[in-house]
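Following: one structure in structure tokens, then a few remarks.
The values are calculated or read from the model by the stated rules, or taken from the named source; none is laboratory data. Since the model is a prediction, treat every value here as computed from it, not as a measurement. Virtual Cβ from ideal backbone geometry, glycine too; neighbours counted across all protein chains shown. To get the accessible areas, we keep the full protein, side chains included, count just its heavy atoms, and leave off ligands, DNA and RNA. Shrake-Rupley method; radii C 1.70, N 1.55, O 1.52, S 1.80 Å.
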Amino acid sequence: MTERLEFTIKEKEQALTLYQHIREQIASTLLPYDESRMRKYLLHTIEQCQVSRNIFGLNPILLAFQTAQLIVDEIGLRRDGVLAVLLRPSIEQGFLSIEEVHQQYGESVARILHGLQRIQELYQKNPVVETENFRNLLLSFAEDMRVILIMIADRVNLMRQIRDTKQLDAKREVSEEAAYLYAPLAHKLGLYKLKSELEDLSLKYLEHEAYYHIKEKLSETKKSRDAYIEQFIKPISERLIEAGLHFHVKGRTKSIHSIWQKMKKQKCPFEGVYDLFAIRIIIDTPIEKEKMHCWQAFAIVTSMYQPNPKRLRDWLSVPKSNGYESLHITVLGPEKKWVEVQIRTERMDEIAERGVAAHWRYKGVKSESGLDEWLTNIRSMLETSDGLDAMDQFKMDLYEDEVFVFTPKGDLFKFPKGATVLDFAYHIHSKIGNACVGARINNKVVTIRHQLQSGDQVEIMTSSSQKPRQEWMTIVKTSRAKSKIRLALKETQVKESLFAKEMLERKFKNKKLELDEPTMQHLIKKMGFKEVSDFYRQIASGELDVNIVIDRYIEIQQGDGPTTGNNLAETAAHFVLDESRLPKEHIDEDVLVIDRNLKGVDYQLARCCQPIYGDKVFGFVTVSGGIKIHRDDCPNAPELKKRFGYRIVKAKWSGKGTSQYEITLRVIGNDDIGIVNNLTSIISREEKLILRSINIDSHDGLFSGNLTIMLDDTNRMESLIKKLRTVKGVKQVERL
């Protein structure tokens, strides 16, 4: 349980000292009544013991004073930032509202506190903080840049205060966040001093032995290192003075954290890190002579010490994208030690120091579009009076083209600005996207069109009856979602076409009409469809009436329906039967004998009933003069005989069948593993049987399918049907 706040004598003394220091620094920016109101608020808070000590037992009011001093001295914030920091403990513990702050201290202070509160809510969603996305989210989530600066300062201060805490788990968590989150943020903002302190303190708490090992080594070698730097610099300084250059030289030792990272990367001990320090030669020269004097200094250094050409970095001729300019060269100094020398002018050094820490970024922090120029100006804005006024109006627009949102589990995803719930659904999975009907964002139900905002927690709602639609292409923003919708629409179109085709076939059978594929293709073209899929899609959607299709089909069949066959077309009116080819007992019968060698007659086997050798058949004379051969039990036979009896011709098969015929078998059974394989295995083992196609559909544990097979005659067909019925799980096999 958290301890109620009671100031100790030492804490009161510290708070008073800090109060006086901060007041002196920001006095010129305070408004009338600011100080009296703040003093009254602080005294009331202390007397009433309103706020509680934190998990480390630290005094939040004192912590606020310490953080306020840090943002004033190290970052340059003034009135609004300081007041927000001092009021924050009461806001977080619910004893003061942002509306009250707005009334008493103005919009700017309230805006900063609102941003800090939103960040606190973001933390409660428990995302993985060591991701680059989360760092970017913090930047985009802050309403005011000062929110991020205060957060960094607050974490630096907390890291300073928890050195001796016994709350080791909380200490480790705070230290890990400092390393993964706050140090990179400080790095991006050019706050090199704070960044180094965060890294070193996190290493101190997380890798205690490594930290003190390196610290002791640095202490042991400091004297010799300083002596070496002096030995290295002295002859160079003499030559630079002789050349008439105005300059100063400084040595920079690597931070403990940087040395530790180098040791791990190179897998070497402390003694193996040769570049523990770098020498900076900073030249004071007019801008028009900068390059000339830098290269002159470079020539002097490399003439005295052997350079390593592989370690030359020329950001003088071609500056970095953020404007960083400098010459870096590694040379072999006294005692055969490699030393990095950086040559730049006062102007270049100022840009490097005050802008984004350019020298360090190339070692791991990659810049993003629009980031460099924006960040380079921040510290300049903070350190000038005009800049302080500008910061009051400063809104965070660094990641204005991106939004960052959470899943209910706390996973973080990045989307382009304008992305919708549907984009999020398809990002999770195609099936989720296809079935998406809306979402629950921050416990509020929204539609699939709802645009995502940074920090949203999104829970997708789905329905099994939902299907992708063409208009979804205009809802989504990401190319990933669009491609998935396009694929889903294509798959849906194929399914709808199959459904429409089956529906059309059923309608034809109900009306006892045969569905001839060539005639249907002719009809589709005649109705103006370029794609068959469009024809069936309109039938499935109801745009095209099936009855109209059937009427048009009959018109074509009776009028100009196409005929196909192996022989030249000839009208039945001129057909003369060659009686010499018939057996004697059939001379007197008007019977068409079906034979592949039949000449003078264009005949076809009807597609509606697929007659084969052995079936009882009859012929039907079409309006084009060709003859269709139907089975006696054809679904269309009764209607044809009733309406067109005068066009019926008796027919029979000639001799033994020598051709192969196409049949379709309908198979229904349990949807068991391997059952389809068992069916096809039986067919493949049979001689003179060819499986042309197989179409299987399963639903609710049952499967049904059509097998299209080429075989000789009805005897072979009946034998095959019997064998298929013996397969375990098969419930029904019938010929269509």
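Observations, loosely collected:
- Probe 1.4 Å, protein heavy atoms only - accessible area per residue of the range 259-338 in square angstrom: 53
- Cα lying deepest toward the dipole's positive end in the range 179-324, options TYR228, ILE214, ILE279, charges on Cβ: ILE214
- Entries in LYS495/LYS728; LYS495/LYS628; LYS234/LYS291 that, when Cα-Cα distance is taken, lie over 27 Å: LYS495/LYS728; LYS495/LYS628
- In order through the range 292-306: 3J(HN,Hα) via Karplus (6.51 cos²θ - 1.76 cosθ + 1.60), integer Hz, x for Gly, Pro: 4, 5, 5, 5, 5, 5, 4, 5, 5, 4, 6, 7, 8, 10, 5
- Under 18 Å from LYS166, Cα to Cα: lysines that are on another chain or at least 8 residues apart: LYS204
- Counting every pair of alpha carbons in the range 35-89, the share spaced more than 18 Å apart comes to 34 percent.
- Mean accessible surface per residue for the range 697-736, computed with a 1.4 Å probe while every protein chain stays in place, in Å²: 55
- The accessible surface of the range 254-316, taken with every protein chain in place and a 1.4 Å probe, is 55 percent carbon and sulfur.
- Pairs from LYS467/LYS501; LYS642/LYS688; LYS254/LYS414; LYS10/LYS215; LYS171/LYS409 whose Cα-Cα separation, in the structure shown, is over 29 Å: LYS642/LYS688; LYS254/LYS414; LYS10/LYS215
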